[in-house]
Amino acid sequence: MKLTHILEARQFKDAILREIFSLADEMKLFDKTNLTEKERKRCHKLKLSSQPRKKIMACLFYEPSTRTRFSFESAMKTLGGEVISTESAGMFSSAAKGESLADTVRVVSGYADVIVLRHNKEGSAKEAARYSRVPIINAGDGPGEHPTQALLDLYTINDELKRIDDLKIAFVGDLKYGRTVHSLVYLLANRKNVEFYFIAPQPVKLPEEIKNYLLEKNIKFTEIENEEGLEIVLRNCDVLYVTRIQKERFENEKEYEKCHGVYIIDSRHVCLMKKNSIIMHPLPRVDEISIAVDDDPRAVYFRQAANGKYIRMALLKMILDPENI
Amino acid sequence: MKLTHILEARQFKDAILREIFSLADEMKLFDKTNLTEKERKRCHKLKLSSQPRKKIMACLFYEPSTRTRFSFESAMKTLGGEVISTESAGMFSSAAKGESLADTVRVVSGYADVIVLRHNKEGSAKEAARYSRVPIINAGDGPGEHPTQALLDLYTINDELKRIDDLKIAFVGDLKYGRTVHSLVYLLANRKNVEFYFIAPQPVKLPEEIKNYLLEKNIKFTEIENEEGLEIVLRNCDVLYVTRIQKERFENEKEYEKCHGVYIIDSRHVCLMKKNSIIMHPLPRVDEISIAVDDDPRAVYFRQAANGKYIRMALLKMILDPENI
Amino acid sequence: MKLTHILEARQFKDAILREIFSLADEMKLFDKTNLTEKERKRCHKLKLSSQPRKKIMACLFYEPSTRTRFSFESAMKTLGGEVISTESAGMFSSAAKGESLADTVRVVSGYADVIVLRHNKEGSAKEAARYSRVPIINAGDGPGEHPTQALLDLYTINDELKRIDDLKIAFVGDLKYGRTVHSLVYLLANRKNVEFYFIAPQPVKLPEEIKNYLLEKNIKFTEIENEEGLEIVLRNCDVLYVTRIQKERFENEKEYEKCHGVYIIDSRHVCLMKKNSIIMHPLPRVDEISIAVDDDPRAVYFRQAANGKYIRMALLKMILDPENI
C-alpha cells in the first residue's frame with residue numbers, strides 16, 4: 001500500500017496496520033547479531049534505494065523533542081538514508097523572522113524527500129501537507145495528534161499481548177493535552193471490541209470532541225475520577241497507559257499543581273493488576289510512575305520506546321521506497 | 001578552474017560563472033527520476049570522491065538560518081559528503097566562552113574539509129579565511145555579503161530569462177542591511193549593460209559605498225522613493241528583487257516601524273509588470289509580497305530557493321573535488 | 001583489548017594506552033593524500049563495519065561544546081559511522097520536562113551503539129553507565145573528568161616529546177574546576193617519574209582530593225602561587241599546560257575577576273622555557289596565552305586539538321569494532 005502524508009492516527013485501517021507491523025518486525029533484523037546470509041540479503045533490500053543519491057529526511061522541530069527526533073533519525077540512518085535537522089526551529093529559523101509555515105515547508109520540500117514536523121500548534125501538519133511537495137510526517141502538533149507514537153504504542157500492545165482487538169485499556173494522567181492519548185484512542189477506535197477507561201484530574205479530562213467521536217462510533221468508555229474507581233480499573237484492564245502532566249501546556253502554575261501528582265502509579269497499584277497486563281508510558285516520565293515499578297515484567301515502557309525506531313523505519317520505507325519492499 | 005574560499009560576490013568573473021552554472025545544471029540530474037544509464041554514470045562522477053574517506057563540511061552558524069543551512073547540508077549529502085553542524089554557534093560554542101573566531105576556525109579546520117560560515121559581523125568570512133587551513137564559504141556575514149545567494153540569484157535569472165546581461169533590475173526593500181542585495185549588485189556590476197533601480201525607505205537606503213562602486217564603474221542606477229516612481233520601474237524592469245525589512249538589524253523598534261510595510265508588492269503592482277519579467281525574493285518573506293502573487297507565473301521565488309541546492313552542489317564539487325568534474 | 005565505557009582517565013593503564021596511541025597514529029592515514037594501495041586497504045579495514053547497518057553514535061550534550069562535539073562527530077564520520085546529535089540537551093530535551101538521566105539513557109541506548117555524554121553534573125557519566133545498554137563515553141561531566149581530552153593530551157605529549165614518562169609538567173590556571181587538568185593528572189599519575197607543578201590563584205587551586213591521591217601514590221608535586229615560583233618552573237618544565245579560568249563555573253563575578261588574568265603566558269615567559277619543551281592548552285583560550293606565542297614552535301595547542309580526532313577515532317574503533325583491528 002502507498003503511504004504519503006502521515007497526519008493523524010485515524011488514517012490507519014486494518015490492512016495498512018498489518019503491513020506496517022509486519023515490516024517493523026522485519027526491521028528488528030538490523031539490530032540482530034550473527035545474521036544468516038538470507039537475513040543479510042533481506043536487510044540489504046529493506047534499506048532505502050540510494051540511486052542516484054541517498055534519500056534525505058528533514059526534521060523540522062519547532063518544539064524540542066530529543067527522543068522523537070533521535071528515534072526518527074536513527075531509523076532513517078539505519079535504512080541508509082540521510083538527515084538534515086533543526087532541533088528548535090521556532091527559535092532558530094525563519095519562523096522567528098515571521099515566515100509562515102507554508103513558505104518554510106515549500107522551501108524545505110526542495111531540500112528533502114520527506115519532512116518530519118513537530119510543531120506547537122494543532123493542525124500544523126495538515127497545513128504543512130497542503131503546501132509541501134514531499135510527504136509530511138506529523139511528529140506531534142501541539143495538543144493535536146502524534147500518529148507515529150500511536151502506531152508504536154499499538155505495535156507494542158501487539159508485541160506484548162499478541163492482539164490489538166478485544167482490549168480493555170485505561171488511560172491515566174493528562175488526557176486533555178496528551179496528544180499521544182488522543183492519537184491512540186483514535187487508532188484503537190478503529191479496532192474491534194476495545195473498551196476505554198479514562199482517569200484524569202478535572203482540569204485535564206479528555207476533550208469532548210474525542211468523547212463524541214467514541215459515542216458516535218458506539219464505543220464503550222468510562223470516565224473515572226476517584227481512587228476507588230482506579231482500583232477497579234487496575235484489576236480489570238489489559239493495558240494501563242500512563243502519561244505525564246505536561247507542565248509546559250499550562251498557562252497557570254496553580255492549575256498545574258492541582259493536577260500534578262494526583263495519580264502516581266506505584267507498586268501498590270501494580271500488584272492489583274492482572275498477570276498478563278502491561279503498563280505503558282510514552283515517556284518522558286517525571287514521577288507519575290514510581291521507579292520501583294520499572295523492574296516489574298509488566299512495565300514495558302522502555303521496550304515501547306525502542307519499538308519507536310522499528311515503526312518509523314517501516315513508515316519511512318513505505319513512504320520513500322515502496323517499490324522495494 | 002580552482003575555487004578556494006568563497007568570500008564575496010565580486011570574485012566571480014564571467015568564465016567561472018559559466019562553469020558554475022553549467023555544473024549546477026547538471027546537478028539537477030540528482031533529483032530526476034528514471035535516469036538513463038549515461039545520466040546515472042554522470043551522477044556517480046559528480047559525487048565527491050570518498051576515498052579514503054568521505055569529505056566533511058562543517059556548518060558554523062553564529063546566526064541561525066535553517067534555510068541556508070539546510071540548503072548547504074542537502075547539497076553536501078546529495079553529493080555523498082558528510083556534515084558536522086552547529087545551528088547557533090554564538091550561543092552554544094566557545095564563542096560564548098570568549099574564544100576568538102581565529103582560534104575557532106583553526107580548530108574546526110582540523111575536523112572538516114570545508115567550513116560554511118554564517119556570522120553576524122561584517123568581514124568575518126575574510127577574517128576566518130586568514131586562519132583556516134581549509135576553504136571558507138561565506139554564508140552571510142552580518143550586513144556584509146552572502147555570495148552564494150547572489151550566485152543562486154543570478155543562476156535563477158539565467159534559468160528564467162536565458163540571459164545574465166542586458167538586464168533592468170529593481171531592488172525593493174531593505175537595501176542597507178540586505179546583504180543578498182549587496183552581493184547581487186556586486187555580481188551584476190561585472191555583467192554587461194545592467195541597469196539598476198533602488199527603491200527603499202529613507203533609513204534603509206543603499207549604502208554609499210556600493211553607490212560609489214557603481215559610479216566608479218560607470219554603471220547606470222537610479223534611486224526612487226515615491227510610489228509613482230515605483231510604478232514606472234515596475235513597467236520597465238526585467239527583474240523585481242524584493243527583500244524583507246530585517247527587524248533584527250534595527251536597534252530601535254520605531255525606526256523599524258517606519259520602514260516596514262512601506263512597499264508591499266501585491267497583484268496591483270504585478271499587473272503593471274512585463275509579461276516576461278520575474279519577481280524574486282531571497283526569503284524568508286513576511287508580508288512584503290502578498291501571497292496572492294504566489295501563483296503568478298512571474299513569481300519565481302520558490303524555484304529560486306530550490307536552485308540554492310544546485311548552486312551549492314556545484315560550488316562544493318569545484319572546491320572539494322575539482323579533479324573529477 | 002576490549003573497551004566498553006570510558007568514564008575516567010584512571011582506567012587507562014600502560015598496555016591499553018600503547019594500543020590506543022598506536023591506533024591513533026594509524027588514523028592519521030585518513031587525512032593523508034596520495035595513499036599507497038597498502039595504506040588504502042588499511043584505511044578500509046580501520047573503518048567501522050557497516051554490516052548489516054552503519055554504527056550510530058549519539059551525542060548527548062547537556063552543556064554545549066562545539067569543539068568536542070565536532071571532534072567526536074568528525075571522528076565517527078571519518079570511520080564511516082553515523083551520528084545523531086543534540087547540542088543543548090539540557091535546554092531542548094526531556095530533561096527540561098523533568099526526565100531523569102537514567103530514563104534518557106535507557107531510551108537513547110535503543111537508538112545508538114555508543115553514547116557520548118557531556119553533562120554539567122559531576123558523576124553523570126558513571127550514573128549513565130549504570131543504565132545504558134551501550135557504551136558511554138564521558139565527554140566531560142561538570143568539574144569532574146574529561147578522559148578523552150586527557151588521552152589526546154598525553155598522545156600529544158608523546159607525539160611531541162617522544163615519551164610519556166620522565167616528565168616535569170606544570171599546570172597553570174583554573175585547577176579547581178578544570179576537569180581536563182584533573183583527568184590528565186590522574187592519567188599521568190599512572191606513569192613513571194612524573195613531577196607536577198600546580199600554579200593557580202587561591203580560589204581555583206587543585207582540589208584536596210587530587211592532592212591526596214598524589215600523596216597516597218607518593219608522587220612528587222609542588223604548589224606555587226607567586227610569579228617568582230612560576231619563573232623557576234618555566235625554566236624547568238617539559239610541558240606547560242595552561243587552562244582558561246572558566247567564568248561559567250563561578251557563581252559570583254567578583255570571585256571570577258580575582259582569578260582571571262592573574263597568570264597570562266606571553267613571550268617573556270616563553271623565552272624562559274627550555275628549547276625542547278611544549279606549551280599546551282585544551283582550548284578554548286580567552287587571553288591566558290598571548291597570541292604572540294602562537295607562532296612559537298613550542299606552542300602545540302592547535303596540533304593538540306587536531307589530535308583529538310585521531311584519539312577519538314581510535315577509541316570508537318576499539319569500542320565498536322574491536323574484531324577488525
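The values are calculated or read from the model by the stated rules, or taken from the named source; none is laboratory data. Please read all numbers here as calculations on a predicted model, not as lab measurements. Cβ placement follows ideal geometry from the backbone for every residue including glycine, while neighbour counts extend to all protein chains displayed. Surface areas here come from the heavy atoms of the whole protein model, side chains and all, with no ligands, DNA or RNA. Shrake-Rupley method; radii C 1.70, N 1.55, O 1.52, S 1.80 Å.
Per-structure values
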quantity	calculated
Of the criteria (1) within 20 Å of residue C:104 (Cβ to Cβ); (2) under 15 Å from the mean Cα position of the chain (by Cα); (3) not small (Gly, Ala, Ser), which one residue A:313 fails	(1)
Residue count, the range C:224-240 (criterion: more than 21 Å from residue C:300 (Cβ to Cβ), touching a Leu at 6+ places or on another chain (Cβ under 7 Å) and among the charged types (D, E, K, R))	1
Residue in the range C:120-140 that is surrounded by 24 or more Cβ atoms within 10 Å (Cβ to Cβ) and either among the aromatic types (Phe, Trp, Tyr) or in contact with a Pro (Cβ under 7 Å, 6 or more places away or on another chain) (or both) present	yes
Which listed residue is surrounded by fewer than 17 Cβ atoms within 10 Å (Cβ to Cβ), of a type in the set (Val, Ile, Thr) and closer than 29 Å to residue C:28 by Cα, from C:291, C:311, C:279	C:291
Residue count for the range A:25-47, restricted to those that are open to solvent by 70 Å² or more (accessible area, probe 1.4 Å) and closer than 21 Å to residue A:113 by Cα	2
Of the criteria (1) surrounded by 15 or more Cβ atoms within 10 Å (Cβ to Cβ); (2) without any contact (Cβ under 8 Å) to a residue 40 or more places away in the chain; (3) part of a helix (DSSP H, G or I), which one residue B:319 fails	(2)
Counted residues, the range C:173-215 - those being of a type outside the set (Lys, Arg) and either closer than 23 Å to residue C:139 by Cβ or assigned by TED's automatic domain parsing to the domain that holds residue C:125 (or both)	22
Test for residue C:63: is it more than 12 Å from chain A (Cβ to nearest Cβ), open to solvent by 10 Å² or more (accessible area, probe 1.4 Å) and either assigned to a loop (DSSP other than H, G, I, E, B) or not small (Gly, Ala, Ser) (or both)	yes
Hey, residue A:22 assigned by TED's automatic domain parsing to the domain that holds residue A:316 and either within 30 Å of residue A:188 (Cα to Cα) or open to solvent by less than 30 Å² (accessible area, probe 1.4 Å) (or both) or not	yes
Residue in the range C:260-267 that is in contact with a Gly (Cβ under 8 Å, 6 or more places away or on another chain) and open to solvent by less than 60 Å² (accessible area, probe 1.4 Å) present	yes
Test: residue in the range C:82-101 that is farther than 17 Å from residue A:70 by Cβ, of a type in the set (A, V, I, L, M) and either within 9 Å of chain A (Cβ to nearest Cβ) or not in a strand (DSSP E or B) (or both)	no
Flag if residue C:155 is within 16 Å of the chain's Cα centre (by Cα) and in a helix (DSSP H, G or I)	yes
